[in-house]
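The values are calculated or read from the model by the stated rules, or taken from the named source; none is laboratory data. This structure is a prediction, so every number in the text was calculated from the model and none was measured. Note that each Cβ is placed from the backbone with ideal geometry, even for glycine, and that neighbours are counted across all protein chains shown.
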Number of protein chains: 2
Amino acid sequence: MNCCEKQDYTIDNEQLARFAKAMGHPSRIAILSFLANLDSCYFGDINNELPIAKATVSQHLKELKESGLITGTIEAPKVKYCIHRENWAKAQAYFNTFFASLKEKDLCCD
Amino acid sequence: MNCCEKQDYTIDNEQLARFAKAMGHPSRIAILSFLANLDSCYFGDINNELPIAKATVSQHLKELKESGLITGTIEAPKVKYCIHRENWAKAQAYFNTFFASLKEKDLCCD
DNA sequence: AATATTGTTCGTAATTTTGCGAACAACGAA
DNA sequence: TTCGTTGTTCGCAAAATTACGAACAATATT
């Protein structure tokens, strides 16, 4: 599926939970913000931005990669991390659809 | 702040991470979907919907309450759970703002 | 008052997450 | 080839998460 095809954004609850879980830590939100703002994309700069050990940063990056929200590429001797734009859009649509599904009127709770 | 006032949705990364963390489990997504769709709002019905022990359901509901996404009210002998609409909207705005913050052009990654 | 219904809390176990330093690997530069 | 730079992986420890059954509490009903 290329970026121009119409996409089916039927929510997959498991996938939504995986995206959410990946975002469920302040350091990982900070990393994603950093990358989304294009401040830089190299490990070293990400590492400098965070008050934690580089082994831990590397671990968080690995989790974000596995969630699909970012990619990692070797550009020797550095490693370049980028937002995975297609999955980013997918996550955005998932969350948006999820939140928008709240019904207006509620006999039970209103 | 009532529901009609303009709200400041400056993203608080810690809060965004807390919302995300609360959503980071399939059972909790299922619970939120169930409540958002207003299928019912009582513990018993939520419990019936999920293939896990009631003690575990109760625990997940507690976490969702602590995240602010839902409320819990005793309606003896039942307990009624509802989406916390104000915080729900806040979470929706946080996620949306977060995803929308991705810059279009990227000298580093494109 | 005794009993049934509805959920929460407790105690426990297994697994996962988070974090760190040290060791290691890969590559470029001298 | 040797050295320095850049990140990853390993091994470990501490803490948090997930899950369950049993016990408990609160209220309604009989």
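Restricting attention to the range A:24-63, the residues that are more than 10 Å from DNA strand C (Cβ to nearest atom) and within 19 Å of residue B:19 (Cβ to Cβ) add up to 6. Taking each residue of the range B:46-67 that is over 19 Å from residue B:88 (Cα atoms) and looking for partners that are among the hydroxyl-bearing types (Ser, Thr, Tyr) and more than 9 Å from DNA strand C (Cβ to nearest atom) with beta-carbon atoms closer than 7 Å, six or more apart or interchain, yields B:50/B:27; B:52/B:27.
The one condition from (1) more than 22 Å from residue B:108 (Cα to Cα); (2) more than 7 Å from chain B (Cβ to nearest Cβ); (3) not in a loop (DSSP other than H, G, I, E, B) that residue A:95 does not meet is (2).
Hey, can you tell me all the residues within the range B:67-86 that are outside any loop (DSSP other than H, G, I, E, B) and either facing another protein chain (nearest Cβ under 8 Å) or surrounded by 14 or more Cβ atoms within 10 Å (Cβ to Cβ) (or both)?
Initial filter on the range B:67-86 (outside any loop (DSSP other than H, G, I, E, B)): B:67, B:70-75, B:78-83, B:85-86.
Answer for the range B:67-86, where residues must be outside any loop (DSSP other than H, G, I, E, B) and either facing another protein chain (nearest Cβ under 8 Å) or surrounded by 14 or more Cβ atoms within 10 Å (Cβ to Cβ) (or both): B:67, B:70, B:71, B:72, B:79, B:80, B:81, B:82, B:83, B:85.
Which of the residues spanning the range A:25-66 are away from chain B (no Cβ under 13 Å) and not in a helix (DSSP H, G or I)? Answer for the range A:25-66, where residues must be away from chain B (no Cβ under 13 Å) and not in a helix (DSSP H, G or I): A:51, A:52, A:53. Does residue A:93 fit the bill of being within 16 Å of DNA strand D (Cβ to nearest atom) and surrounded by fewer than 18 Cβ atoms within 10 Å (Cβ to Cβ)? Judged against the criteria, residue A:93 is not a match.
Would you say residue A:67 is away from DNA strand D (no atom under 13 Å from the Cβ) and either at pLDDT 95 or above or on the phi > 0 side of the Ramachandran plot (or both)? The answer is yes for residue A:67.
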